[in-house]
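Here is the structure we will look at, set down as structure tokens.
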Amino acid sequence: VSLAVVIGSGAREHALAVGLAREADVLATPGSDGIAAHGIPCTSASPVDLDGDLFVIGPEIPLVAGLADTLRAQGKSVLGPGANGARLEGSKAHMKELLAAANVPTAGFASSSDVTEALALLSKMRPPYVIKTDGLAAGKGVLVTSSLAEAEKDVREKLSGAAFGDAGTTVVIEEYLDGEECSLLCLVDGERAVPLVPAQDFKRVGTGNTGANTGGMGAFAPLASMSPGLVEHVMAMVVEPTLRELRRRGVEYRGVLYAGLMLGPDGPQLVEFNVRFGDPETQVVVPLVERGLYDALLGAANGELRGPPSFAGGAAVTVVLAAAGYPQAPRTGERIDGLDASGQAAEEVEGVTVYHAGTRKGDDGEFSTAGGRVLSVTGTGPDVATARRRAYEAASTISFPGMVMRTDIAARHSGGER
Ligand code: AMP
Ligand code: GLY
């Protein structure tokens, strides 16, 4: 049996580990108490010191830091770009420059590290204003607002380093894009790219798309408005030109390329690239894989991608249970009710898996909250409406003090049950 090593500790890695465990042995590093409770071995050993047939790097921080390069230099098969490819996510200014060179449809933008210059740029834009931190900010570095005063305050805070430290000392100011959001995750083997099932993520903390941007409060797949024809269009107009431009610059990209898209009146536009699996998108894409996940990931890692994994049909919806104060200042250490010893919903609902994001298991065997996003409760079913009902039914049996949950994940997309 092959051994897949999953690097990371969140709900995304939990979903990858569970998906891969159907086809291979899996070891997670560092993993989490929730992953271990699910029966998947975890180790605190560094991936550099581990043997395995496939290494899957979950989070962006080690990718940007060059972990894939280090592991490849040891002769390992790695799903994840090297530091030169991961720069696409590590710097938004770099990403925008590359998109322009590749002629990819995206919002117009300007970037600056100087407060006076940035405020002058802002004064020339029309609302709503979109202001982004250049560097990594866990999805929290973006402000979209109609208030010029709020936009100016945000620019000052980011450029002073108060908001995101060094990651925030350059801002990107963008044209506002309207439309339906889509996350299209693609497997890339250096040459070829294949799309996975299109998903949608809900980025704002509050029901009705209100409040601050987060890492993601829920997701569902498939997204019906992203038709097969539209997927083909995005591959041809967004993904392939980007990979060509990367190759032209000598970057061999093997990993997941995540296209964050806005499906608007002028056709799909790229909002951003991520260089990894999305979180929480992975918690709805991986459960829909019927078979071939391991082979597809290994194929991408080895430059021998033959096609996507096969998807089962049906739909998945995930609902994130977050801590009070997320995303600014999550309160941790609260005891979680409604989980059994394996970390799953104690009151079993058909088609549901609970993925752990920020939990810790105490000596008494009970789980407590240990992060901003705590759990990602995924329901699957024949259609979005059924998957959604199951996810919320299971989520309603789980609770902890101050728990934050959006009640409208996939609501607009639940046409009815089959
Ligand atoms: P990003 O981290 O760049 O994906 O931005 C986070 C979220 O902010 C996106 O998923 C959108 O919901 C929103 N957003 C980012 N850029 C724009 C834009 N140019 N126009 C409208 N909304 C945007
Ligand atoms: N769900 C957004 C992200 O993974 O960046």
Next on the checklist: Of the conditions (1) under 20 Å from GLY34 (Cα atoms); (2) assigned to a strand (DSSP E or B), ALA316 satisfies every one except a single condition; which number is it?
Outcome noted: (1)
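Being farther than 20 Å from GLY292 by Cα and more than 23 Å from the chain's Cα centre (by Cα) is the filter; apply it to the range 48-69 and report the residue that is least open to solvent (accessible area, probe 1.4 Å). Can you show your working first?
Kept after step one, since they are farther than 20 Å from GLY292 by Cα, are these residues of the range 48-69: 48-51, 59-69.
Filter once more, so that each one left must be more than 23 Å from the chain's Cα centre (by Cα): 48-51.
Working: VAL48: 51, ASP49: 121, LEU50: 24, ASP51: 131 Å².
Restricting to residues being farther than 20 Å from GLY292 by Cα and more than 23 Å from the chain's Cα centre (by Cα), the top hit is LEU50.
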Next on the checklist: Can you find, within the range 177-216, the residue that is modelled with the lowest pLDDT among those that are small (Gly, Ala, Ser), within 12 Å of ligand 1 (Cβ to nearest atom) and assigned to a loop (DSSP other than H, G, I, E, B)?
Outcome noted: GLY215
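I'd like to verify a number: residues in the range 192-218 that are small (Gly, Ala, Ser) and under 14 Å from LEU261 (Cβ atoms), how many? I'd like the intermediate steps shown before the answer.
Going residue by residue through the range 192-218, those that are small (Gly, Ala, Ser) are 193, 199, 206, 208, 211-212, 215-216, 218.
Subset that is under 14 Å from LEU261 (Cβ atoms): 199.
Qualifying residue count, the range 192-218: 1.
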Next on the checklist: What pairs come out if I take residues in the range 85-111 that are closer than 22 Å to ALA68 by Cβ and open to solvent by 40 Å² or more (accessible area, probe 1.4 Å) and pair them with residues that are in a helix (DSSP H, G or I) and within 16 Å of ligand 2 (Cβ to nearest atom) whose C-beta lies under 9 Å away, six or more apart or interchain?
Outcome noted: ARG87/VAL64; ARG87/MET95
Next on the checklist: Every residue in the range 249-279 that is closer than 21 Å to VAL317 by Cβ and among the charged types (D, E, K, R), please.
Outcome noted: ASP279
Item to check | Which listed residue, of LYS124, LYS132, is basic (Lys, Arg) and open to solvent by less than 50 Å² (accessible area, probe 1.4 Å) | outcome: LYS132
Checklist entry - For the range 27-47, how many residues meet the condition of being assigned to a loop (DSSP other than H, G, I, E, B), touching a Cys at 6+ places or on another chain (Cβ under 8 Å) and surrounded by fewer than 21 Cβ atoms within 10 Å (Cβ to Cβ)? => result 0
Next on the checklist: Restricting to the range 356-401, count the residues that are without any contact (Cβ under 8 Å) to a residue 24 or more places away in the chain and either crowded, with 23+ Cβ neighbours inside 10 Å or of a type in the set (Asp, Glu) (or both).
Outcome noted: 2
Checklist outcome for this item: The strands (runs of 3 or more DSSP E) lying entirely within the range 246-304 that contain at least 2 residues which are at pLDDT below 95 and more than 13 Å from ligand 1 (Cβ to nearest atom) are none
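The values are calculated or read from the model by the stated rules, or taken from the named source; none is laboratory data. Every value quoted in this text rests on a predicted model; they were computed, and no experiment measured them. Heads up, the Cβs are rebuilt from the backbone with ideal geometry, glycines too, and the neighbour counts pull from every protein chain shown. What goes into the accessible areas is simple: the full protein's heavy atoms, side chains included, and nothing from ligands, DNA or RNA. Shrake-Rupley method; radii C 1.70, N 1.55, O 1.52, S 1.80 Å.
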